[in-house]
Amino acid sequence: MQTLNQALFIFFAVLAVASAILMVTRRNIVHGAVFLITTLLSTAGIFLLLQAEFLFIVQVILYVGGIMVLFVFVIMLVNLDVSMRQVQFNRQWFVAGALALVLAGQFLFAIWAGRGALRLPAMANEISPKNTEAVADALFSHYMLPFEIASILLLVAMIGAVVMAKRRAG
Amino acid sequence: MIPVDDYLFLSLALFTIGVIGVLTRRNVIIMLMSIELILNAVNINLMVFSRMWGTVDGQVFAIFIITDAAAEAAVGLGIILAFFHNRETVLADEMDIMKW
Amino acid sequence: MNTPYFLEHIWLIPLFPLLTAAVMLFYGRKLANNIVSYLCAGSVFVSFIFSVGAFFQLVAMPQGERFFTKVLFEWVPAVPYHMFDGRLAQFVAGWEFQIDPLSAVMILVVTGVGFLIHVYSTGYMALEGGYYRFFGYLNLFMFAMLILVLANNFLMMFVGWEGVGTCSYLLIGFYFHRKSASDAGKKAFIVNRVGDAGFLLGIFLCSAVLGTVRFSDIGPALHAGNFQKGDPWLTAIALLLFVGAAGKSAQIPLYVWLPDAMEGPTPVSALIHAATMVTAGVYMVTRTNAIYQLAPKAMYVVALVGAITALFAATIGVVQNDIKKVLAYSTVSQLGYMFLACGVGAFTAGIFHLMTHAFFKGLLFLAAGSVIHALSGEQDMRKMGALSKRIPVTYWTMLIATLAIAGIFPFAGFVSKDLILGKAYEQDVLLWAIGYFTAGMTAFYMFRLVFMTFHGTSRVDHEVEHHIHESPKAMLVPLVILAGLSIVGGLVSWPEILGGNSHFVHFLEPVVGMAHQSRIEPLKGPSSRIGEINLMLMSEGLVVLGILFAWYLYIKRTELPAKIAKGLNGFYELVYHKYYVDELYDALFVNRAKDLGLALGWFDTNVINGVGVDGAGWLTRFVSRASMWWDTWIVDGSVKLGARIVWVLSLPVRLIQDGLVQSYMLFIVIGLIGFLGYYFYLAHHAVH
């Protein structure tokens with residue numbers, strides 16, 4: 001079991017990272033969007049490995065099925081051919097890259113300093129049946145307020161998006 | 001007993017790639033997508049520690065993050081569309097009206 | 001012992017005219033002419049009554065005690081000072097009135113003749129503008145003159161002295177809209193002032209040498225100081241005082257103002273320039289005779305100047321054609337006689353001549369005014385003639401006055417002039433000769449005046465002829481009274497040789513015999529080779545000759561004067577133009593003073609205005625420019641500096657804001673790196 005876990009983990013991890021790298025470097029935006037989808041699906045897989053079933057589903061349905069579709073629609077509405085012929089990377093790419101690596105280095109240092117300290121507990125033999133319910137429980141009891149706020153946030157975003165995309169009257 | 005380090009390394013890698021993408025690409029749509037990548041990396045982190053502690057708080061928080069990402073993507077794409085209608089460009093370099 | 005009333009209240013005498021003068025000043029405008037006349041002439045009349053009262057009460061006292069002082073109040077409190085010889089003295093002067101025979105005579109003459117002239121003026125000035133102003137000035141003059149003669153010290157006398165000078169200026173320039181009149185007023189005052197400078201120096205020297213300015217203290221001071229006859233200090237004092245007298249009494253070289261003073265109304269000429277003010281100099285010399293008697297050189301100078309002036313003025317008077325000018329030069333000449341008298345020691349003769357001169361010269365001027373009035377303002381004798389039947393009263397009174405001035409027996413002038421000439425002969429024959437010859441000339445030009453004015457053929461302008469009329473009663477009555485005085489005035493001091501008592505001379509004895517070592521006695525007959533009677537006969541003879549000569553030239557052969565004038569052309573012009581003395585003074589002094597004024601004016605315009613005013617302007621502009629520089633560079637500069645500092649500091653920040661989102665995000669990352677670095681560093685060290 002252990003090895004399956006590990007193998008699956010390596011598979012999803014490599015897939016995620018590769019897709020991510022590819023996404024960031026594509027000239028064609030649609031390709032980039034597709035590779036993002038792949039990354040998200042890999043992430044979903046990671047979630048499942050961590051026995052977060054509800055979030056796995058949410059990730060797939062919401063993130064991939066909603067957000068990425070939205071992205072693709074907008075990509076279509078934007079002038080794709082023109083942007084493909086333009087320069088893709090901006091002037092600060094080197095500095096930005098360096099600094100990002102520095103940042104990564106810092107985090108790396110932090111993780112390395114505490115390597116081996118934290119461990120995941122053993123997985124249960126059965127599929128734990130209560131993840132969704134537990135999430136629901138927590139969501140609708142302890143986290144009721146954030147839940148409501150989140151719904152308002154969605155409402156606001158919806159109205160904002162509608163207003164934004166509206167053509168000027170007349 | 002898998003150490004969490006591997007998951008953290010993964011999360012870090014995705015985060016770094018996302019940061020590089022945001023800072024480096026000119027196309028704003030790619031920038032938005034890179035932001036989604038960053039958020040995902042954070043989600044992975046949350047899930048790992050939620051599993052480690054055995055609570056669902058991390059997962060609930062991750063739900064909220066996803067919700068927020070959705071709203072943000074919707075509004076952001078709306079802005080991009082509006083800007084494209086006005087200026088015919090999706091390049092961040094050419095969106096410098098708010099300079100000094 | 002109770003002091004007699006009029007002596008006690010001697011200070012009221014100047015006060016009455018002063019009060020009416022003040023009334024004229026404040027209310028004169030609103031009063032009718034009659035009221036002005038009654039008030040002003042009335043106050044002088046009251047003063048005259050008081051003078052008469054004071055005189056009789058003085059005479060009632062025994063001869064040696066005829067001296068009375070009334071102190072009104074202290075003016076200058078005693079200030080100690082050192083005299084020239086080192087002794088300590090007190091300088092003190094007060095308003096103190098002094099009555100002795102001399103001042104009694106003076107106040108009688110001043111108030112008496114003054115009153116008659118006031119009455120005359122009510123008629124003469126009746127139709128003139130400024131009636132109240134005239135009488136106000138006239139009364140003010142009376143006040144000042146009375147102060148002058150009643151003062152017991154130099155300071156108070158000087159107040160009166162200046163006062164009469166001021167009133168003379170005011171009255172000469174009475175018709176101030178005529179430039180010639182205002183010029184004449186100025187000339188009188190300024191020439192007077194020159195004399196006053198000498199007068200003041202004399203007063204100062206007197207107080208420094210004798211330690212007092214009070215007249216009654218001079219005698220004792222001279223005795224105490226053991227002054228010898230001929231002392232240089234006393235000579236100096238006497239000469240300086242004489243300078244003042246020469247200015248006031250129009251002697252050479254300060255006589256030039258008197259002929260010009262004829263610009264004033266005729267009553268003014270009569271009162272001020274004949275009877276009273278001009279005699280102030282003679283009075284002052286007599287008052288201080290104690291000093292003069294110890295300075296024979298000074299006395300000789302006085303006599304010589306007097307004699308020469310008498311002759312000089314007479315020569316000018318001979319050729320003048322304006323009736324008032326003739327009388328003016330005649331006055332100068334007669335004043336010369338008075339100083340001649342004082343100079344030879346006959347002080348009483350001088351005062352006596354002063355009194356008789358007041359009578360007949362006052363009368364002459366008033367009568368001349370009457371003639372001018374009758375001829376509607378004509379003053380040129382060449383345009384007169386044959387008036388004797390038409391204005392008889394004026395004619396007869398003027399004739400009497402002329403007989404008096406010529407010195408015909410037994411009129412007043414004869415007695416006084418004879419007294420002077422007699423004493424002069426005793427002292428210095430040359431002086432007598434000058435006086436003798438001048439007497440002849442006096443007779444000549446005075447009768448010339450009478451013949452040209454009243455006799456011969458009428459040369460009067462046609463329109464004027466119709467209006468010839470005798471003057472009103474107000475003018476004629478004073479003429480008659482003065483004529484009477486001119487006739488009998490001589491009786492007061494009828495010479496002993498002719499059987500008289502010389503009352504006047506004896507009366508003034510105490511005053512004149514004040515010097516301790518006086519060798520000069522009051523006049524008795526001259527002990528001479530010729531004898532007083534012979535002198536009188538000689539004078540009368542010359543006078544009659546003069547009158548006959550005048551008759552010959554101006555009645556018998558009237559074409560002769562013009563021929564003689566043409567024959568002596570150059571000389572005639574010289575004398576006619578008064579020896580060009582005025583022109584000489586103009587060139588020497590007047591124009592030089594004007595030059596000084598112009599120079600000072602130039603200085604003021606260019607230096608003071610240039611440096612001061614323009615300089616101040618330049619300075620202001622300079623300061624404002626500097627201020628502007630300061631404001632632009634320093635004040636604005638510091639403001640701009642602040643702005644520039646902010647600009648410089650904000651430059652990097654500005655450049656950072658490039659509007660590019662990605663660069664902003666880069667900064668976030670940088671910040672994050674720093675932030676994290678710090679915390680990881682802390683955490684690392686906390687653990688280890």
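The values are calculated or read from the model by the stated rules, or taken from the named source; none is laboratory data. Here the structure is a predicted model, which means the values were calculated and not measured. Note that we place each Cβ from the backbone using ideal geometry, even for glycine, and neighbour counts take in every protein chain shown.
Per the listing C:Ile13, C:Ile35, the residue uniquely surrounded by fewer than 18 Cβ atoms within 10 Å (Cβ to Cβ) and either among the aromatic types (Phe, Trp, Tyr) or part of a helix (DSSP H, G or I) (or both) is C:Ile35. Considering the stretch B:69-81 alone, what residues qualify as being surrounded by fewer than 18 Cβ atoms within 10 Å (Cβ to Cβ) and more than 7 Å from chain A (Cβ to nearest Cβ)? The answer is B:Glu72, and nothing else. Scanning the stretch C:352-389 for residues that are basic (Lys, Arg), surrounded by fewer than 23 Cβ atoms within 10 Å (Cβ to Cβ) and touching a residue at least 12 places away in the same chain (Cβ under 8 Å) yields a total of 2. Applying the condition of being touching a residue at least 60 places away in the same chain (Cβ under 8 Å) and within 27 Å of C:Lys578 (Cα to Cα) to the stretch C:221-243 and asking which residue is surrounded by the fewest Cβ atoms within 10 Å (Cβ to Cβ) yields C:Leu239. Among the residues that make up the stretch C:593-610, is at least one of them at pLDDT 75 or above, of a type in the set (Phe, Trp, Tyr) and either in contact with a Phe, Trp or Tyr (Cβ under 6 Å, 6 or more places away or on another chain) or exposed (fewer than 12 other Cβ atoms within 10 Å of the Cβ) (or both)? Checking the stretch C:593-610: at least one residue is at pLDDT 75 or above, of a type in the set (Phe, Trp, Tyr) and either in contact with a Phe, Trp or Tyr (Cβ under 6 Å, 6 or more places away or on another chain) or exposed (fewer than 12 other Cβ atoms within 10 Å of the Cβ) (or both). Screening C:Leu327 on (1) on the phi < 0 side of the Ramachandran plot; (2) buried (at least 24 other Cβ atoms within 10 Å of the Cβ); (3) at pLDDT below 90 shows it passes everything except condition (3). A:Arg26 meets the conditions (1) out of contact with any Phe, Trp or Tyr (no Cβ under 7 Å at 6 or more places or on another chain); (2) at the interface with chain B (Cβ under 10 Å from one of its Cβ atoms) in every case but one. The failed one is (1). Within the option set A:Ala52, A:Ala96, A:Ala100, A:Ala136, being more than 23 Å from B:Leu77 (Cβ to Cβ), surrounded by 13 or more Cβ atoms within 10 Å (Cβ to Cβ) and more than 7 Å from chain B (Cβ to nearest Cβ) holds for one residue only, A:Ala136. When A:Phe107, A:Phe11 are screened for being within 7 Å of chain B (Cβ to nearest Cβ), in a helix (DSSP H, G or I) and either of a type in the set (Phe, Trp, Tyr) or within 30 Å of C:Tyr681 (Cα to Cα) (or both), only A:Phe107 passes.
Per this entry, C:Ser388 is counted among residues that are outside any helix (DSSP H, G or I), closer than 22 Å to C:Ile547 by Cα and at pLDDT below 85. Of the numbered criteria (1) crowded, with 16+ Cβ neighbours inside 10 Å; (2) more than 22 Å from A:Leu15 (Cα to Cα); (3) more than 7 Å from chain B (Cβ to nearest Cβ), the one A:Val78 fails is (3).
Taking the conditions exactly as written (more than 9 Å from chain B (Cβ to nearest Cβ) and either in contact with a Phe, Trp or Tyr (Cβ under 8 Å, 6 or more places away or on another chain) or loosely packed, with under 15 Cβ neighbours inside 10 Å (or both)), does A:Ile152 satisfy them or not? Yes; evaluated as a whole, the condition is true for this residue. Residues in the stretch B:51-68 that are crowded, with 16+ Cβ neighbours inside 10 Å and within 7 Å of another protein chain (Cβ to nearest Cβ): B:Arg51, B:Met52, B:Val56, B:Gln59, B:Val60, B:Ala62, B:Ile63, B:Phe64, B:Ile66, B:Thr67. Taking the listed residues B:Ile20, B:Ile44, the one that is buried (at least 20 other Cβ atoms within 10 Å of the Cβ) and within 30 Å of A:Ile149 (Cα to Cα) is B:Ile44, with no other qualifying.
Based on what the data block shows, is C:Pro392 out of contact with any helix residue (DSSP H, G or I) (no Cβ under 9 Å at 6 or more places or on another chain) and surrounded by fewer than 24 Cβ atoms within 10 Å (Cβ to Cβ)? Yes: the conditions hold for C:Pro392.
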